[in-house]
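Heads up, the thing below is written out as structure tokens.
Bear in mind that the values in this text are calculations on the coordinates, not laboratory data. None of these values were measured; they are calculated from a predicted model. Cβ atoms come from the backbone with ideal geometry, glycine included; neighbour counts cover every protein chain shown.
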Amino acid sequence: MTDYTQIIVTKAGGIATITLNRPDKMNAYTRTMGQEIMAAMDDIDADDSVRAVIFTGSGERAFCAGADLTPEGGGQVFSDPTEVTDLSDPKVRDGGGLLTLRLFESKKPLISACNGVAVGVGATMQLAMDIRLAASHARYGFVFARRGIVPEAASSWFLPRIVGISQALEWCYTGRIFDAEEAKAGGLVRSIHAPDDLMIAARTLASEIAESTSAISVAMTRAMMWRLMSADHPMEAHKIDSRAIYRLSRGADAKEGIASFLEKRRAAYPGKVSADMPDFYPWWDERPYE
């Protein structure tokens, strides 16, 4: 899919930028938007020229003001008249969760540049991103308890891992809107920036990744960090570390990394994520719904 209607995708300098693009609706989330983001991620993962991805929102007010609950939003679960008795029916699946599961599978590092309000799915979709930056006027809210529902988009898995269980529960129990300073103090965001400087900071970080690192190393590191933090013993990490070091140390990127270090020059890594990942990748088991 390249004819996007609710997002804008640009690629330049090894960086893809996905902009949520419904500024008249504060970039409220719809099924169409979710489908377009997932399609964009399929394209980006297959594009070896892209080394990092930045997410942001159109306009100056919002990153994403949550799910669009109007009919224009595409028939969200709140207004869907269909009654499903079998809870394993695919119709039951949470659309925000489909999105965050796709982001979780990304082979490229994901950076959020939160440029305003981010509530509901606007906040939870960012949890599947690796590094979160905020504009000084950004606002976050895990507002589900104030709507009579529960946290979605697999946020009950992501949020405690990012900020700790007590902070996650406080934000979800209260459902309150909080500012960028509280988000940073709680460990949700990495840094706060003046609105005009937000994308500059995000691009600087993305460029550092794109220009200085091996794409294969970064893809493997992302998979290892996200998946192994839930392992029940460090031996599980040791198994994957050992295989990865053994395979990658014999690859072209490691040779170039060492040569560039000894020759005191910038590395030019030849490896491609689309073709050169280690033979044991992916090592994890198949999951339900796939």
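In terms of its Cα atoms, the range 198-247 spans 40, 24, 10 Å along the principal axes, sorted from long to short.
Listed peptides 14-27, 101-114 appear in the order 101-114, 14-27 once ranked by packing, highest mean of other Cβ atoms within 10 Å at the front.
How large is Rg/Rh for the chain, to two decimals, with Cα atoms and a Kirkwood Rh?
Result for the chain is an Rg/Rh of 0.98.
Annotation: aspartates and glutamates with alpha-carbon distance below 19 angstrom to residue 264 (same-chain offsets under eight excluded): 208, 211, 253, 256. In the chain, helical runs assigned H by DSSP with n ≥ 4 each contribute -39500 (n - 2.57); averaged across all residues and rounded to the nearest 500, the mean residue ellipticity at 222 nm is -11500 deg cm²/dmol. When both bridge partners sit in the chain, DSSP labels roughly 30% of those beta bridges antiparallel. Of the peptides 128-141, 179-192, the order by per-residue mean of other Cβ atoms within 10 Å, starting with the highest, comes out as 128-141, 179-192.
Helix 234-249 and the longest principal axis of the Cα set of the chain meet at an angle near 50°.
One chain, two ends: residue 190 and residue 245. Fully extended at 0.36 nm per residue, the span grows by 16.9 nm beyond their Cα-Cα distance. So which of 11/107; 11/108; 108/255; 108/272 end up more than 18 Å apart by C-alpha? Table pairs above 18 Å Cα-Cα are 108/255. Annotation for residue 170 and residue 84: the two label points, set 7 Å from Cα along the Cα-Cβ direction, are 3.6 nm apart. Extending 7 Å from the Cα toward the beta-carbon at both residue 5 and residue 274 defines two label points whose distance is 2.9 nm.
With the charge dipole of the chain set up from +1 on Lys and Arg Cβ and -1 on Asp and Glu Cβ about the Cα centre, the Cα lying farthest toward the positive end among the listed residues 159, 244, 7 is that of 244.
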